[in-house]
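Everything on this sheet refers to the single structure shown next.
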Amino acid sequence: MFSKVAGLSRRVKILLMLFCDTILLPAALWSSIALRIGSWDPDVSSYQWLFFVIPFVTVPIFIRIGLYRAVIRYLNDKIIYTVFYGVTLSVLVIAMVVVMGRATALPRSSILIYWLIAFAYIAASRFFARALIMKLERIQDFRQPVAIYGAGRAGMQTAVALMSGMEFRPVAFFDDNEDLQGTNVAGMRVYHPKDALDIMAKKKCRQLLIAMPSATRSRKREIIEQFEGKNLILKTLPGMGELVDGRVHVEDIREVGVEDLLGRDPVPAYGDLMSSCIRDRGVLVTGAGGSIGSELCRQIALNSPRLLILFEQSEYALYKIEQEILKLYPHLKIQAVLGDVLNKSHLHKVMQEFKVNTVYHAAAYKHVPLVESNIVSGIRNNVIGTWNAAAVSIESKVESFVLVSTDKAVRPTNIMGASKRLAELVLQAIAKNDPVSTKFTMVRFGNVLGSSGSVVPLFKEQIRAGGPITVTHPEVTRFFMTIPEAAQLVLQAGAMGRGGDVFVLDMGEPVKITDLARKMVELSGLEVRDPRTGIGDISIEYVGLRPGEKLYEELLIGEKVERTYHPRILRAVEGMIEPVLLFSKLERMMKACDEENVPLVMSYLRELVQEYNPTKDGQFK
């Protein structure tokens with residue numbers, strides 16, 4: 001029977017509520033008279049016509065104020081005000097009818113009592129109907145149960161959004177606030193977090209949503225670690241600043257990622273540093289479609305450049321970032337340029353035509369094994385491409401040139417790292433060689449979470465496929481930073497350069513890749529398979545270090561480092577090569593690249609990057 005009622009059309013349900021009100025309103029009048037007289041059988045014969053008039057007077061008022069437009073399933077406290085307003089208007093009209101109808105036998109005080117009872121009956125009928133519908137839905141609901149950590153404004157919005165969806169069914173709240181514990185929010189009980197596992201087991205719930213967008217990253221990390229390894233699927237909301245219009249929507253919900261565990265609370269960006277090389281300037285980003293390049297474009301767009309030039313070799317990557325920037329910043333002037341940094345004449349034309357003031361050079365080949373097996377292409381792109389971009393910047397009187405470098409440039413063991421170190425040496429030599437108007441700066445940092453080619457998306461794919469997760473070595477470690485934090489620090493470091501500076505970003509503590517793999521499995525609600533017993537869902541296999549790969553990365557070549565006034569940006573004091581010697585050998589290296597003479601190219605690379613110590617199959621030569 002109840003399922004048939006729940007399946008009725010909205011029009012029929014409204015008619016049912018009208019019928020109920022038609023019964024409840026006369027019942028409220030009879031109750032008020034009975035209470036006033038003190039008898040369960042009052043004599044109402046002289047004004048019984050009033051029992052028929054009341055619904056015909058009151059129901060149109062309820063219709064007018066929108067009482068029947070409310071969806072019973074999603075009622076909230078606002079319905080009380082609507083009922084109060086409607087009943088009050090009804091009482092005023094009925095009082096006039098009583099006076100005009102000369103119902104002298106009706107006790108006048110019973111009208112006041114009727115006001116209170118009618119309000120109680122009508123309001124209670126709505127909440128009773130909501131409770132009945134929710135009870136019925138819980139019995140027949142096939143949606144996935146989910147508990148919510150955080151019973152504040154965001155948690156309540158999340159619960160309401162989920163209730164109206166078809167995928168999740170909220171079953172409980174958990175909150176640290178003792179004042180909220182034991183209360184009901186959006187029709188659900190708020191429990192102490194220490195009882196979370198027991199409550200969730202009782203409600204057969206394996207998903208926990210952390211609805212605390214304004215909490216610090218360290219606080220979120222504490223909550224995640226509390227439930228880590230408990231065979232739960234953890235979900236979260238983005239930060240409050242990332243929520244569209246500050247409100248929570250179902251599409252904002254995402255699975256807890258490793259960045260929520262490894263990421264730090266960011267240091268607020270220094271506004272003067274962020275905008276000094278960007279505001280009202282023509283800014284060009286090479287490699288604009290890459291992980292770092294695209295985030296640089298997003299951060300630059302926030303700081304009001306005169307023109308943002310997206311320079312990218314990949315057609316699809318360029319189209320994607322262009323469409324995103326156009327959507328997010330429709331009034332910003334942008335220019336998408338399909339080009340290659342190895343095409344010097346095209347690069348020169350672009351810088352001259354668009355009057356570029358600032359260049360962020362993020363274009364590079366960064367995938368270690370691929371560059372290791374494509375030596376000439378890697379060196380051409382990473383070294384010659386940087387040299388081209390720097391030379392054209394000087395010719396075009398660009399004010400600031402920032403190279404995005406890598407921790408793999410420090411005592412490199414692979415071609416990619418050595419080529420990036422040589423690119424740094426090229427810029428240092430240019431800055432020293434002649435007084436130029438262009439200020440050259442290099443910014444060096446480690447891995448960014450979720451970048452193309454990093455282990456994070458690879459591990460996610462392997463977990464989705466049921467494993468195994470492949471790790472190169474049990475002891476391998478890496479530095480990690482979120483892409484937005486890295487991009488912000490690059491922009492700020494670029495503004496601090498005096499010419500030829502190498503800045504190093506404070507990456508925090510290195511992370512063991514094995515621990516990263518384990519955390520990602522546990523965050524997916526799965527267990528790492530024990531190799532001895534075979535118990536668990538996803539196995540971790542060690543496949544050995546790849547050619548050119550280190551067990552650990554470093555950020556400094558020497559020991560000399562200077563602090564800057566930004567707590568996460570350091571200035572490295574490092575050696576360089578005399579410009580005359582460097583450029584003469586670079587010319588010969590370029591010729592060897594043109595001839596595809598790999599042994600000669602490698603010879604020049606070893607000569608110019610003296611710290612380069614190549615490895616083979618993970619072992620130092």
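Screening the range 147-196 for residues that are open to solvent by 60 Å² or more (accessible area, probe 1.4 Å) and not in a loop (DSSP other than H, G, I, E, B) and picking the one that is nearest to residue 127 (Cα to Cα) gives 184. In the set (1) under 26 Å from the mean Cα position of the chain (by Cα); (2) at negative phi; (3) exposed (fewer than 13 other Cβ atoms within 10 Å of the Cβ); (4) not hydroxyl-bearing (Ser, Thr, Tyr), the condition left unmet by residue 231 is number (2). Within the span defined as the range 399-410, every residue fails to be among the aliphatic types (A, V, I, L, M), over 16 Å from residue 287 (Cα atoms) and out of contact with any Lys or Arg (no Cβ under 8 Å at 6 or more places or on another chain).
The residues of the range 28-64 that are open to solvent by 40 Å² or more (accessible area, probe 1.4 Å) and in contact with a Ser or Thr (Cβ under 6 Å, 6 or more places away or on another chain) amount to a single one, 36. The selection criterion, being buried (at least 20 other Cβ atoms within 10 Å of the Cβ) and either touching a strand residue (DSSP E or B) at 6+ places or on another chain (Cβ under 9 Å) or over 24 Å from residue 385 (Cβ atoms) (or both), does not hold for residue 304. Do we find that residue 498 is farther than 30 Å from residue 560 by Cβ and in a loop (DSSP other than H, G, I, E, B) in this structure? No; evaluated as a whole, the condition is false for this residue. Selection of first residues in the range 329-344 that are on the phi > 0 side of the Ramachandran plot and of second residues that are open to solvent by less than 30 Å² (accessible area, probe 1.4 Å) and not in a loop (DSSP other than H, G, I, E, B), restricted to Cβ pairs under 8 Å at least 6 apart or on distinct chains, gives an empty result. Selection over the range 17-59 of residues that are farther than 19 Å from residue 111 by Cβ and at pLDDT 80 or above gives a count of 6.
Annotation: of all residues in the range 576-600 being assigned to a helix (DSSP H, G or I) and β-branched (Val, Ile, Thr), the one that is farthest from residue 377 (Cα to Cα) is 580. Of all residues in the range 484-507, exactly one satisfies the criterion of being within 21 Å of the chain's Cα centre (by Cα) and surrounded by fewer than 19 Cβ atoms within 10 Å (Cβ to Cβ), namely 484. Scan the range 167-195 residue by residue and report those that are of a type outside the set (A, V, I, L, M, F, W, C) and touching a Lys or Arg at 6+ places or on another chain (Cβ under 7 Å). Those that are of a type outside the set (A, V, I, L, M, F, W, C) and touching a Lys or Arg at 6+ places or on another chain (Cβ under 7 Å): 167, 169. Among the conditions (1) exposed (fewer than 15 other Cβ atoms within 10 Å of the Cβ); (2) among the basic types (Lys, Arg); (3) modelled with pLDDT under 85, the only one that residue 202 does not satisfy is (3).
Cβ separations smaller than 6 Å between residues 6+ apart or across chains give the following pairs from the range 33-54 residues that are assigned to a helix (DSSP H, G or I) to residues that are of a type in the set (S, T, N, Q): 33/110; 36/109; 36/110.
So which residues in the range 360-378 are among the β-branched types (Val, Ile, Thr) and within 35 Å of the chain's Cα centre (by Cα)?
Keep residues of the range 360-378 that are among the β-branched types (Val, Ile, Thr), which gives 368, 371, 375-376.
Of everything in the range 360-378, those that are among the β-branched types (Val, Ile, Thr) and within 35 Å of the chain's Cα centre (by Cα) turn out to be 368, 371.
For the range 509-519, residues that are touching a Phe, Trp or Tyr at 6+ places or on another chain (Cβ under 7 Å) and open to solvent by 10 Å² or more (accessible area, probe 1.4 Å) total 2.
For the range 312-347, filtered to residues that are surrounded by 12 or more Cβ atoms within 10 Å (Cβ to Cβ) and hydroxyl-bearing (Ser, Thr, Tyr), the residue that is modelled with the lowest pLDDT is 329.
Pairing each residue of the range 561-579 that is without any contact (Cβ under 8 Å) to a residue 24 or more places away in the chain and over 13 Å from residue 442 (Cα atoms) with any residue that is among the small types (Gly, Ala, Ser) and surrounded by 17 or more Cβ atoms within 10 Å (Cβ to Cβ), provided the two are 6+ apart or on different chains, yields C-beta distances under 9 Å for 562/572.
Listed here are the residues, each with its yes/no results for (1) surrounded by fewer than 23 Cβ atoms within 10 Å (Cβ to Cβ); (2) without any contact (Cβ under 8 Å) to a residue 24 or more places away in the chain; (3) of a type outside the set (A, V, I, L, M, F, W, C).
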residue	(1), (2), (3)
384	yes, no, no
387	yes, no, no
391	yes, no, no
405	no, no, yes
409	no, no, no
423	no, no, no
427	no, no, no
433	yes, no, yes
437	yes, no, yes
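When the range 523-562 is filtered for residues that are modelled with pLDDT of 85 or more, assigned to a strand (DSSP E or B) and either open to solvent by 80 Å² or more (accessible area, probe 1.4 Å) or over 28 Å from residue 367 (Cβ atoms) (or both), the ones remaining, listed by number, are 541, 542. Scanning the range 269-286 for residues that are touching a Gly at 6+ places or on another chain (Cβ under 7 Å) and open to solvent by 10 Å² or more (accessible area, probe 1.4 Å) returns a single hit, 277.
A count restricted to the range 77-121 and to residues that are closer than 25 Å to residue 39 by Cβ, open to solvent by less than 70 Å² (accessible area, probe 1.4 Å) and of a type in the set (Val, Ile, Thr) stands at 8.
Whether any residue in the range 12-35 is of a type in the set (Ser, Thr, Tyr) and either under 16 Å from residue 129 (Cβ atoms) or in contact with a strand residue (DSSP E or B) (Cβ under 8 Å, 6 or more places away or on another chain) (or both) is what I want to check. Yes, there is a match, as at least one residue in the range 12-35 is of a type in the set (Ser, Thr, Tyr) and either under 16 Å from residue 129 (Cβ atoms) or in contact with a strand residue (DSSP E or B) (Cβ under 8 Å, 6 or more places away or on another chain) (or both).
The values are calculated or read from the model by the stated rules, or taken from the named source; none is laboratory data. Predicted model, so just to flag it, every value in this text is computed and none were measured. A quick note on method: Cβ atoms are made from the backbone with ideal geometry, for glycine too, and the neighbour counts reach across all protein chains shown. Each accessible area value is taken on the protein alone, full model and side chains, heavy atoms only, with ligands, DNA and RNA left out. Shrake-Rupley method; radii C 1.70, N 1.55, O 1.52, S 1.80 Å.
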